[in-house]
Amino acid sequence: MNFPVKDEHSGERIDKFLVGAMENVSRTDVQKLIVAGEVKVGGVAVSKNFRVESGMVVVVEKVPEKQASTLEPEEIPLDIVYEDDDIVVLNKPRNLVVHPGNGVQNGTLAAGLLHHFKENLSTVNGPLRPGIVHRLDKDTPGLMVVAKNDAAHRHLAHQLETRTLHRTYNALVWGCPRDLEGCIDAPIGRNPKNRLKMAVVKGGKESRTHFVAKEFFAIATLLELQLESGRTHQIRVHTRYTGHPVVGDPLYDGREESLNRVPPLMKEIAEKVLEIAPAQLLQAVKIELIHPRTGKKMKFKVPLEEPFAKVLKLLKKECPADAPVFDEEEGFRDFDADIRFDEGFDEDFEGDMPEEEQECVFPELKERKTRAQRHAEKAATAAHRKAKAAERKLIKQMKAARKKGVATEDFVEPGYEPTIDPDLLD
């Protein structure tokens, strides 16, 4: 099949171009064709990062065959927040996998959707993911939007790509972050030491998480977060990278590993928190989108799930705290960010592990200094302190010299004694 490139598509990545040009294919389908060498320009197979230009003709030598559906409808209760002819907004509970994969075939949200809505779901992502536009982890509850037809699905996917669909998360993290609002900008890829986990690694995919601290406790902080990119486990990986794992997270050091760093007087409270928290205390609490048919902006919110709310109630009662004040001399006395990875890895990993987030933008954030600017200011502050210390030492030495009867003009700062003229030694 031949697909000529028009002016309006010039500069697009080839996978994005083909998703719009071909019918009933997902970007995953297209990327598999590219890896197999089935997509060519000028008779030469292209890479997935290739960008098309006006006048080119993209040749797809083999059309992907859609996988036969083995998904069976299952009667799974759904907490539907909103529904019309185009979209469904639902509150996914904890301990529910979104779609089959990674050894999980039954008891998924996709099977529940198929039971409730029959054939009235989009088919863009294939028969195993009917209506699924974006995903949440098994143990991350919260709001999701489902497409009931292909047109709505593509419109919502475009909103995710252009960051006009916003999802807001609440997360309880151990300790208190150094910055009370800002952006965590660190690339994410497969953990080279454990391929089942993600980590901040050199050569990883660009990832940004915006956050604002909302409530403070002696051992934890409640954050509100939004994503500028949608990587697997992004919030959990980024908070762990900064030294403040999500409370209760069994995969990213949010349980016993962090419990060992809680002050002794607060350890009993922290243990009660972990008894209540079934897994990571992270939830998608708000979603804002543009309706695919009407163009109307819509906003949906849900309260925190019971375990999350119960933990906050306990912390408010047992260890409330005011917003911390940063001291340039001491800094925040908090957990060290000693759990991070900087090793690179050789290749992108293509698997079925559910992605936690989709792209979002945090509105109206203040500009944050770059890492280079912070390092420069830190170096300047250290140099200033060093100079002040040297000045104090010199004054002390001069006082001691005066007590010994040495005149001020005759005092020579130690380390700067003049060299003796060799001629005077004859």
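The values are calculated or read from the model by the stated rules, or taken from the named source; none is laboratory data. On a predicted model such as this, the values are computed, not experimentally measured, just so you know. Cβ atoms come from the backbone with ideal geometry, glycine included; neighbour counts cover every protein chain shown. Calculation scope for accessible area: heavy atoms of the full protein, side chains included, ligands and nucleic acids excluded. Shrake-Rupley method; radii C 1.70, N 1.55, O 1.52, S 1.80 Å.
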_segment 181-223: equivalent-ellipsoid semi-axes (sqrt of 5 x gyration tensor eigenvalues, Cα, Å)_ = 26, 14, 6
*Nonlocal amide H pairs with VAL58, under 5 Å, H built at 1.01 Å*: PHE3, VAL5
*Measuring from label point to label point, each 7 Å out along Cα→Cβ, what is the HIS158 to ARG27 span in nm?*
1.5
*asked:* For q values of 0.12, 0.13 Å⁻¹, compute log₁₀ I(q)/I(0) with the Debye formula on a Cα-only model of segment 1-113, without solvent.
replied: -0.62, -0.68
*asked:* Not counting ligands, DNA or RNA, and with a 1.4 Å probe, what is LYS202's accessible surface area in Å² rounded to the nearest 10?
replied: 130
*Expressed in nm to one decimal, what extension gain is obtained for the pair HIS291 and GLU318 from 0.36 nm per residue of sequence separation less their Cα-Cα distance?*
5.4 nm
*Could you run the Karplus curve 6.51 cos²θ - 1.76 cosθ + 1.60 with θ = phi - 60° over segment 204-210 and give me ³J(HN,Hα) per residue in whole Hz, x for Gly and Pro?*
x, 7, 4, 9, 9, 10, 8
*Share of Cα-Cα pairs in segment 200-278 beyond 16 Å, in percent?*
55
_Taking 0.36 nm per residue of sequence separation and subtracting the Cα-Cα distance, how much length would be gained by fully extending the chain between GLU8 and GLU391, in nm to one decimal?_
131.3 nm
*Loop GluC sites (Glu not before Pro), segment 183-253, which have at most 12 other Cβ atoms in a 10 Å radius of their Cβ (DSSP)*: GLU206
*With every protein chain kept in the model, how would you rank ARG27, ARG129 by accessible area, 1.4 Å probe, largest at the top?*
ARG27, ARG129
